[in-house]
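Report on the structure given below.
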Amino acid sequence: MYKGGGAVTTEPIQADGQAEVCRKSHHPAEVKTGLVHRLNRIEGQIRGIRGMVERDVYCDDIITQLAATQSALNGVAKVLLDGHLKSCVKDRLAEGDEAVLDELSVTIQKLMRK
């Protein structure tokens, strides 16, 4: 699924006059391109669903399209989670930062909510 290693960097940012650390991921170019393409398709699906609602399309047909869109979003999440595990989590564990496991647990709980 996820090819290549992403890296995480931190950059100081200003928020409300206080310096905060903003974590950033760096995905390989082909992964980033693939994610952007998937998200563009999902954006088109959402616009299509809005049009279906505006045209009073049969509810079951709209629900089918919503399910397809949710599946596509889940696919994006799977790619990101795979990359997160293989790069960010792996690197932070190697540095001795076990707090990443608690963060990962919360992330997985968010993904599993319906």
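Go through (1) within 22 Å of the chain's Cα centre (by Cα); (2) modelled with pLDDT of 95 or more; (3) not β-branched (V, I, T) and name the single condition C22 misses.
With respect to (1) within 22 Å of the chain's Cα centre (by Cα); (2) modelled with pLDDT of 95 or more; (3) not β-branched (V, I, T), C22 is out only on (2).
Under the condition of being outside any helix (DSSP H, G or I) and open to solvent by 80 Å² or more (accessible area, probe 1.4 Å), which residue from segment 85-112 is farthest from Q70 (Cα to Cα)?
Checked segment 85-112; the qualifying residue farthest from Q70 (Cα to Cα) is E95.
If I filter segment 18-57 down to residues being among the aliphatic types (A, V, I, L, M) and not in a helix (DSSP H, G or I), which single residue comes out as least open to solvent (accessible area, probe 1.4 Å)?
Among those that are among the aliphatic types (A, V, I, L, M) and not in a helix (DSSP H, G or I), it is V57.
As an exercise: evaluate I63 against (1) more than 22 Å from K110 (Cα to Cα); (2) touching a helix residue (DSSP H, G or I) at 6+ places or on another chain (Cβ under 8 Å); (3) among the hydrophobic types (A, V, I, L, M, F, W, C) and give the number of the one condition it does not meet.
If we test I63 against (1) more than 22 Å from K110 (Cα to Cα); (2) touching a helix residue (DSSP H, G or I) at 6+ places or on another chain (Cβ under 8 Å); (3) among the hydrophobic types (A, V, I, L, M, F, W, C), just (2) comes out false.
With respect to D60, is the statement that it is of a type in the set (D, E), open to solvent by 40 Å² or more (accessible area, probe 1.4 Å) and part of a helix (DSSP H, G or I) true?
yes
The values are calculated or read from the model by the stated rules, or taken from the named source; none is laboratory data. No experiment lies behind these values; they were computed from the predicted model shown. Positions of Cβ are generated from backbone atoms using ideal geometry, with glycine treated the same way; all protein chains shown enter the neighbour counts. We work out accessible area using only protein heavy atoms, side chains counted, and drop any ligands, DNA or RNA first. Shrake-Rupley method; radii C 1.70, N 1.55, O 1.52, S 1.80 Å.
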